[in-house]
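Read the structure below first, then the notes.
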């Protein structure tokens, strides 16, 4: 067994009594079972098909350091660029994995919206979490997720009552600050969107300082019938950080999910997205763009499960790779037997900007029903030399011309972000200002 | 003898009633025109006669040469001489026109216990007909309708009609999307195929085709029923006045 | 067209090649150990280097496990229950003239539609006929030899052209490449060998027809084709087996080597017994096929029509080493009833300005399972590499499945790689259109499926293309209600 897993087990055996919800039997059971499964399957290695390209060895060999103290004396100024709307925005801010009430702001949320820290909720109202505990993904490639389920310390809880419409985006901000030794944070976020609700949730990860840390996050999105949810995931941690995360969405009838991922951060970023279209008439849009340079490794695995008839999914994922970066996109569309009227479209396009960058793309269709219309496409290429020359001839230097074309490539996805204030903020965080009108 | 006789025909498509009691009869050698506004059920009538699975007969009868059509499969209707010229003929990638024509032609010959034509004989048999329609020979090697213009697709339908020599031809908007020259070609083709043995039902929006192919009778379909029947003068009136005056009659 | 095509088809409406030839044969006891390999090598009068090569492969194989990553499912194979050699007693390893060949064998091939009498075959095709573990006849050898072309059984090549075999055998598919390739290297009993000298354009199609006859045996043949500089050759492969309710293993290896400017076209129409409608019996077709464009501007193309076998597991690949070399893979895989196929290709771009094209058409009917698995790998040195892949799947009926697993790995920024795929059911409008023209439902499906595969079928040599069309129609039987 490797150092990381050993450290997690040690933490679990010594600190379990302090874990949120330990006194509530279902939560305790869930944690114990997850720890057992985690120990059994171990951390994923490249021998697993779904982790073939992800270099997890260094991570597995490091000894985890857990941080259980509250907020260090930060104030809002320190967080300014990380905040979507410092003055009026609704937000939950987590510093080093734990909720900071003073930096958060949710007092004027509309009635029918409940937000809280998961740690608090697990102590005060554990029954709200119980129905979600047996929905976690399982499988021999879920080692990191199991550790999250066993050891999560905090995270955001968002519950929207039926019919309520959240007019402003809600930001969930996770900031890790510099430490002597790298720390591990393990947030579990839970969003419960009731029948016919509307909301936009922006989950963003960032670092203060340049030192290394490891985020192992898990986010559960439950969309009840007719719910419309936009989920934006912003991965902007330092290039010394490691990030492994899962977004799991379960969609009931007629629900709409827009899932968007924007990533520029991490030495190693591995993000899974698992969307279950579990109700008739549900629709989902899954999009992402990642920019990796230097020695960054960015790795995205998505699964779209069409579990019921009349479900549709559309996906577009773009990668931009420079330096010695390594990018991976692995998308699976799965249609089981017996479901009808399925439409799925999956596209990935990737840009290699340097001679040493590498991309591995693997779009997959697993179709067991004949009542489908599915397609996928993948492309890898570099900047169009004709376009570069055209811009040169208009007086742009090479660097600017490259930048303009790269922005153009990303713009297709940025443009679809609404409202404009969010779009501009995203562009700024990605260092892509001016690429979307 | 009536080639086609529809008695109080009711048809639904995906549980939606489209035809609500159509009465129509067509004698051997006659050519009738069927007109009517959009959505009146013209194409549904054409499709139900050809046996499209989505069209369900809920009441009434359709008799083809005194035989009830309803239980008969689409291919058997075709082999027995019912031909539908499609309004929007579908594209079949990778299958050449020649191949489809040969398969269709020989399926019919087998049905009538006639010897099949081999590739060479069939090609010769076709050559005259393509020339007649002004179609180049390489046309035959192109995939069925793939990349064809609207006019080309219609001429392709006519080519199949000429080859299969049906007893009853139902032509669903064979004239739509054609320029004047192409329309004349199509009209000549139809006229050449008129005979005492063959009946035709022309579904059209415009009397301009009927000027070149004079019908024996003109029917107006509205609200899923034949509202009015007459001669060429009815087509003229519709051209000048539209369908508004008929709608008043309905209400 | 000649009315005696090389492979006349299974025109009739079921697996037509399922008969058994009652012929006395030399068959060894089931099981595999060093002694079996020694016996086999001695039986074939092989030089020492071959025995060493086989034993090395065997030791390697013992340390390997059967691959489990593919999407096909089957009960464990007992490798000790297989007989590794079976040959007709009458097979004469030194037969030069057809008159030396057992008439019962000639009759078998005649019945399969492959007359071995040179006066009766198509003028443009030379055939190597492999029956169970041995090659029983090779036609047109003399005529080819006049041009310096070597075309013979693998056993003969090992005896008579040892230097060439030693130089090239295993150079594309090393003995330890994968589980089944290692097994093949240890026990392969025969196969075809072909060498085209520099600048020669082979005047006829070369072909091998594989026939499994004996029960309880596996067939392990090995084919090696070398196209020397600026030569050209087109190669065809056909196969069939009796109808039995036990599965039989076929684990072949094919190696192609194209030197500078050379061109190899390899076509397969695979019609192994697929098992019955309930999935009983049929061949497990676990094959390693790989070509290497070793010289600059060389070309290798694989065209395959896979309609047979209970399970097909093969990825004919091209290593694009030479600058400006190109590789193509065209495939039709049809699975009906309980057949499974996991097939595709690997295109490994090593040299600059290398090109590859992939066109795959999968059809799943009945409970058929069909997976396309393909790797396009562009290494850092492959400047200007290009790939285009198109994979289409057609589902007939609601119990079949179609999976598409493309792997794209690119390490060079000047490379352009494009992959497109679609999965859909057969179009109802197309079906109705054909039926309205008098075609039965089954004829309409067959016609549309043929159209769906047209681009691949047109890559086949004429006789094979006709054969393949008919096979598709036959294989679809019972798939439409």
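Where a number appears in this text, it was derived from the coordinates with a stated rule and is not lab data. Please read all numbers here as calculations on a predicted model, not as lab measurements. As a convention, Cβ positions derive from the backbone with ideal geometry for all residues, glycine included, and neighbour counts pool all protein chains shown.
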Would you calculate the separation in nanometres between label points at residue A:416 and residue A:386, each defined as 7 Å from the Cα along the Cα-to-beta-carbon direction?
-> 2.6
For the range C:136-198: relative contact order, % (alpha-carbon pairs under 8 angstrom, 6 or more apart) | 47
How many angstrom lie between the C-alpha centres of the range B:58-93 and the range C:165-194?
-> 59
Per-residue ellipticity at 222 nm for the protein assembly as shown, helices alone: DSSP H runs ≥ 4 residues times -39500 (n - 2.57), over residue total, nearest 500 deg cm²/dmol?
-> -7500 deg cm²/dmol
Alpha carbon centroid spacing (whole Å) that separates the range C:430-464 from the range C:49-63 = 47
Consider all pairwise Cα distances in chain A and report the whole-number % of them above 40 Å.
-> 14
What angle, in degrees between 0 and 90 and rounded to the nearest 10, separates the Cα long axis of helix B:150-164 from the longest principal axis of the Cα atoms of chain B?
-> 70
Output the antiparallel fraction of DSSP beta bridges having both residues in the protein assembly as shown, as a percent to the nearest 5.
-> 20
Relative contact order for the range A:3-279: what is it in percent, counting Cα pairs under 8 Å that are at least 6 residues apart?
-> 16
Rounded tilt (10° steps) of B:119-132 against the dominant C-alpha axis of chain B = 50
Computed over chain C: relative contact order in percent, which uses C-alpha pairs under 8 Å that are six or more apart | 11
So what's the angle, to the nearest 10 degrees on a 0 to 90 scale, between helix B:97-111 and the longest Cα principal axis of chain B?
-> 80
Note on the protein assembly as shown: alpha-carbon gyration tensor, axes a ≥ b ≥ c; rule is a/c under 1.5 for rounded, else prolate if a/b larger than b/c, else oblate; result oblate
Antiparallel bridges, percent of DSSP beta bridges restricted to chain C (to nearest 5) | 10
For residue B:54 and residue B:8, FRET efficiency with R0 = 30 Å and r from the beta-carbon atoms, rounded to 0.05?
-> 0.90
Which one of B:235, B:131, B:182 has the biggest mean-square fluctuation once chain B is modelled by GNM with Cα springs under 10 Å?
-> B:131
Between residue C:38 and residue C:107, the two model label points (7 Å from Cα along the beta-carbon direction) sit apart by a distance in nm of 4.0
For the range A:266-311, rounded, prolate or oblate, judged on the Cα gyration tensor with a ≥ b ≥ c (square roots of eigenvalues), a/c < 1.5 rounded, else prolate if a/b > b/c?
-> prolate
Under 18 Å from a point 7 Å along the Cα-to-Cβ line of residue A:124: which residues of the range A:133-159 have their amide N that close?
-> A:153-159
Within a Gaussian network of chain A (alpha carbon springs, distance under 10 Å), most fluctuating of A:255, A:204, A:309 | A:309
How far apart, in nm, are two points set 7 Å out from the Cα along the Cα-to-Cβ line at residue A:63 and at residue B:180?
-> 9.4
FRET efficiency for residue B:61 and residue C:390, Cβ-Cβ distance as r, R0 = 51 Å, nearest 0.05?
-> 0.55
Find the centroid of the Cα atoms in the range C:307-345 and in the range A:363-437, then give the distance between the two in whole Å.
-> 34
Whole-number D in µm² s⁻¹ for chain B, Kirkwood Cα-pair radius fed into Stokes-Einstein, 4 °C, 1.567 mPa s | 69
Using only the Cα atoms of the range C:304-428, build the gyration tensor, take square roots of its eigenvalues as a ≥ b ≥ c, and label the shape rounded, prolate or oblate: rounded if a/c is under 1.5, else prolate if a/b is larger than b/c, else oblate.
-> prolate
